[in-house]
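Please read the structure below before turning to the comments.
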Amino acid sequence: MSLATDLPHSEGRASGEAAKTPGTGAEKPAPRRRSRQRRERLFQWLFLVPAVVYMTLFFGYPVVKNVVMSFQEYTTSTFFTGEAPWVGFTNYVTVLQSSLFSTSLINTALFTIGSILGQFVIGLALAIFFQRKFPLNGILRSLLLLPWLLPLIVSSAVWRWILDKDSGALNRFLGDLGIIDTGIPWLTSTSLALIAVVGVNIWIGIPFNLTILYGGLQEIPDELYEAGSLDGATGWKAFRNITWPMLRPVVSVVLVLGVVYTLKVLDIILGLTNGGPANSTQTIATQSYNLSFHEFKFGEGAALGNVLVIISLVFAVLYLRASRRAVDE
Amino acid sequence: MTTVLKAPPLRRAGGKATGPKVTGRKNWGYTALAIFFLAIMLFPVYWMVNASLQPNGTTLETSWFPVKPDFTGYATAINEQAGNLGTSLIISLGSVALSLAIAAPAAYALAYFKVRGAGVVLFAILISQMIPGIVVANALYTAYNDLGLLNSIPGLILADSAHGIPFAILIIRAFMNGMPASVIEAARVDGAGHLRAFWSIVLPLSRNSLITAGLFTFLFAWSDFLFALTLTTTEAVRPVTLGIFQYIGAYVNDWSSVMATAVLASIPAIVLLVAAQKYIAAGTTGGAVK
């Protein structure tokens, strides 16, 4: 983001963001150098063109196309006949009125809130723990990154085996401890599956939260704690009055990024439960996938996808504000 | 577990306030605690490796330790998934090449020139991170169908780069921002054109950020599941992530082969973690916050 603030001429909404910080740089060229400068400018743009083209084709086009599709009856036959009749808001009405919508909306909310809370609290606790100086700190901390680096579908497969009702490691562990007599159907019970999926997603998200929050903690100057301790601010008081306020910008970035990433999670849910049992882990993202790629109702899938985009956009705005604050401070 | 984890904030802030005089014995206590946390967090990874080494079919339950390691799971996995692993490798390498080729010049332009509209490009990159993959896949499927790109390696390379390119631009740009402008100016004064200055000065100096971006781009493409799931419909082109999904989609009675495949599919992540420590740190912090 910081570069945007150096660009007084940048157009569009970004300039609104940038304008808040007065521009630096961009010296006025002497008149005779102006045509040379123009050629320079053209050349500089050529460096950007491939990226702009790519971003337009793989992000801009899909968003526009998705909006168009959401107003069409776009089905498998469209691929043969090329015809996709316009249906106005029918897809939206169908999708929003379906009984599954409220289920998947609630599941999305529970999945997102549960995941973020768990990841953040455990990630922050671990980040604070690793602030202490002890042998092997660096190595142990980076080994903790592994769950985050594994392909999501790999994690899903492993957890599916751990959470297996009959011979999964978790049930056997609980059984060996004498806590349970019969296996708990973690992934096959309608009341437990969502909790299990959230648990796995928390596990995946902890390393990311830990790393970013640890970085944020490193930037808080030691002097603040020393000064605080003179005033009697130690322990919980120091955390509340020094650590938390200083960490706030990083916290908001982590939380909003977490929300945006969690909203669109598909791999984990498809890998663990495929949205089941009986839609108990169906989210807006998985339902959109189902509509398009299982029921081949691409128009309805697009409409539901757009609902997800709108929800994400709300958080995107929050993210931009948060990241600007983080850079400014 | 949460109660254990919640305790450190209090002690930590207190410890820090009393200064760095902590005894060595105390320090090793924290190491032990850290290893305990690590053991819990990495148990699934252990379980994956353990289960992959168990003889299949002989027992219903995986034993806690691979006392008698058995490699039939790996034999099956390699037999059935070698082609898919190869496909994943080609797609990932292709995605790295494409992403760096597109991202490096763009990052340079964004870091060095006061290009008109650069703010828009950066804004677009940030926004692109918010677009759900399913939306992209939905639209790409129809476009790919028309263009004949379904079930093709180039099609997947192009789609998978959607994870890598924005990320690579941010990482490389953040690095180039910190490069002294005088180096490039000196080259330009000596008569080097933009292309030469970029190719023989900027790129070599940016090596570390290119490696970081390349490693992550590789990992993104290697881990991709959604595009593999939606943009392939036959077995002609099948990345290993989809291979795993199909293993677990059916009723699984041979977990050792599934776990062996999972281990093989984890190799890039493990290599990245072990061999490229410093690059990871740069990637996680550079890409997310800065």
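The values are calculated or read from the model by the stated rules, or taken from the named source; none is laboratory data. Just so it is clear, the structure is predicted and the values come from calculations on it, not from any experiment. Here Cβ is always computed from backbone atoms with ideal geometry, including for glycine, and neighbour counts include all displayed protein chains. All accessible areas refer to the heavy atoms of the entire protein, side chains included, with ligands and DNA or RNA removed. Shrake-Rupley method; radii C 1.70, N 1.55, O 1.52, S 1.80 Å.
Before moving on, here are some points about what is shown:
- A:N290 vs. criteria closer than 26 Å to A:G199 by Cα and open to solvent by 10 Å² or more (accessible area, probe 1.4 Å): yes
- Tally of residues being outside any helix (DSSP H, G or I) and open to solvent by 30 Å² or more (accessible area, probe 1.4 Å) across the stretch A:167-179: 3
- Helices (runs of 4 or more DSSP H) fully within the stretch B:112-213 counting 2 or more residues that are within 7 Å of another protein chain (Cβ to nearest Cβ) and touching a Pro at 6+ places or on another chain (Cβ under 9 Å): B:118-128, B:133-147
- Among the candidates A:I113, A:I122, A:I106, residue that is of a type in the set (V, I, T), open to solvent by less than 50 Å² (accessible area, probe 1.4 Å) and assigned by the TED database to the domain that holds A:W148: A:I122
- Any hit, the stretch A:223-234, residues being closer than 21 Å to A:F129 by Cα, of a type outside the set (A, V, I, L, M) and more than 8 Å from chain B (Cβ to nearest Cβ): yes
- Pick from the stretch B:91-143, criterion aliphatic (A, V, I, L, M) and touching an Asp or Glu at 6+ places or on another chain (Cβ under 7 Å), ranking: most open to solvent (accessible area, probe 1.4 Å): B:V120
To keep it simple, each residue is scored yes or no on (1) facing another protein chain (nearest Cβ under 10 Å); (2) modelled with pLDDT of 95 or more; (3) open to solvent by less than 50 Å² (accessible area, probe 1.4 Å).
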{"site": "A:S10", "(1), (2), (3)": "yes, no, yes"}
{"site": "A:S15", "(1), (2), (3)": "yes, no, yes"}
{"site": "A:R32", "(1), (2), (3)": "no, no, no"}
{"site": "A:R36", "(1), (2), (3)": "no, no, no"}
{"site": "A:F43", "(1), (2), (3)": "yes, no, no"}
{"site": "A:F47", "(1), (2), (3)": "yes, no, yes"}
{"site": "A:Y74", "(1), (2), (3)": "yes, no, yes"}
{"site": "A:T78", "(1), (2), (3)": "yes, no, yes"}
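- Lone qualifier among A:G82, A:G118, A:G114 - being at the interface with chain B (Cβ under 10 Å from one of its Cβ atoms) and either within 30 Å of B:M176 (Cα to Cα) or at pLDDT 95 or above (or both): A:G118
- Scanning the stretch B:232-255 for residues that are at pLDDT 85 or above, over 12 Å from A:V154 (Cα atoms) and at the interface with chain A (Cβ under 10 Å from one of its Cβ atoms) yields B:T233, B:P239, B:W255.
- Candidates B:F216, B:F198, filtered to the one that is under 20 Å from the mean Cα position of the chain (by Cα) and open to solvent by less than 60 Å² (accessible area, probe 1.4 Å): B:F216
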